[in-house]
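Take a look at the structure set out below.
The values are calculated or read from the model by the stated rules, or taken from the named source; none is laboratory data. Predicted, not measured: the structure shown is a model, and the values here were computed from it. We place every Cβ from the backbone using ideal geometry, glycine too, and count neighbours over all the protein chains shown.
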Amino acid sequence: MEERLNLREFQSRLAERLKAVSEKPGEVSKLGFMAAGKHWLVNLDQVSEVVTVPRLTRTPWTQPWFIGVAGVRGTIYGCTDLAAFVGMAAGEQRDEIRLLLVNPRFGAHAAFRIDQALGLRSVAGMRLLPMDNNSAPWDVARYEDGDGVAWQEISFDRMLAEPRFFQVAA
């Protein structure tokens, strides 16, 4: 019972933090995460939640970046290895897989496999970097934080609009 109370307390504190961040004028926070050793950012409104799943069900005859399906609270999600989809080396395989669940408003039960969730990041204190000439359609912006770490902001909305995203058959 104590564990349940702690979970409720954690959820309550997280909700308060998210509300406080959204109420600060000029303060833009993103969800930070790592995939293939790179730092990434995505708007909070593009993600419904971050979950850890014990295993994926592999799917035969699919693209290498489509890593299978996972059931999360009764909903089946198609799971994409984010790093592999954007052309980087696939993320490291762990016993438990972390997934970013895409906001249901996009009309797809899609999830992206990541290595680690890093929590909220404010871009207000980051330096905006110029975009590469060969940027992908889902690339939004590049930043550098005060420690010199480069961050790539992406848009799941744009990624889901990419025709090859739903062409998972090999």
Out of all the residues in the range 146-170, which are without any contact (Cβ under 8 Å) to a residue 24 or more places away in the chain and outside any helix (DSSP H, G or I)?
146, 147, 148
Among the residues of the range 87-97, is any within 15 Å of the chain's Cα centre (by Cα) and at pLDDT 95 or above?
no
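Report, by residue number, each residue of the range 115-147 that is acidic (Asp, Glu) and loosely packed, with under 12 Cβ neighbours inside 10 Å. Walk me through it before giving the result.
The first filter runs over the range 115-147 and keeps only residues acidic (Asp, Glu), leaving 115, 132, 139, 144-145, 147.
Correct list: 132, 147.
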Do we have any residue at all in the range 53-60 that's under 17 Å from the mean Cα position of the chain (by Cα) and either exposed (fewer than 11 other Cβ atoms within 10 Å of the Cβ) or assigned to a strand (DSSP E or B) (or both)?
yes
Pairs, please: C-beta under 6 Å, at least 6 apart or cross-chain, first residue over 17 Å from residue 31 (Cα atoms) and assigned to a helix (DSSP H, G or I) and in the range 82-103, second modelled with pLDDT of 90 or more and among the aromatic types (Phe, Trp, Tyr)?
84/65; 85/65
State whether the residues of the range 15-34 include one that is closer than 12 Å to residue 113 by Cα and either part of a helix (DSSP H, G or I) or modelled with pLDDT of 90 or more (or both).
yes
Among the residues of the range 89-99, are any under 30 Å from residue 57 (Cβ atoms), out of contact with any Asp or Glu (no Cβ under 8 Å at 6 or more places or on another chain) and surrounded by 12 or more Cβ atoms within 10 Å (Cβ to Cβ)?
yes
Under the condition of being touching a Pro at 6+ places or on another chain (Cβ under 9 Å) and not basic (Lys, Arg), which residue from the range 148-161 is surrounded by the fewest Cβ atoms within 10 Å (Cβ to Cβ)?
161
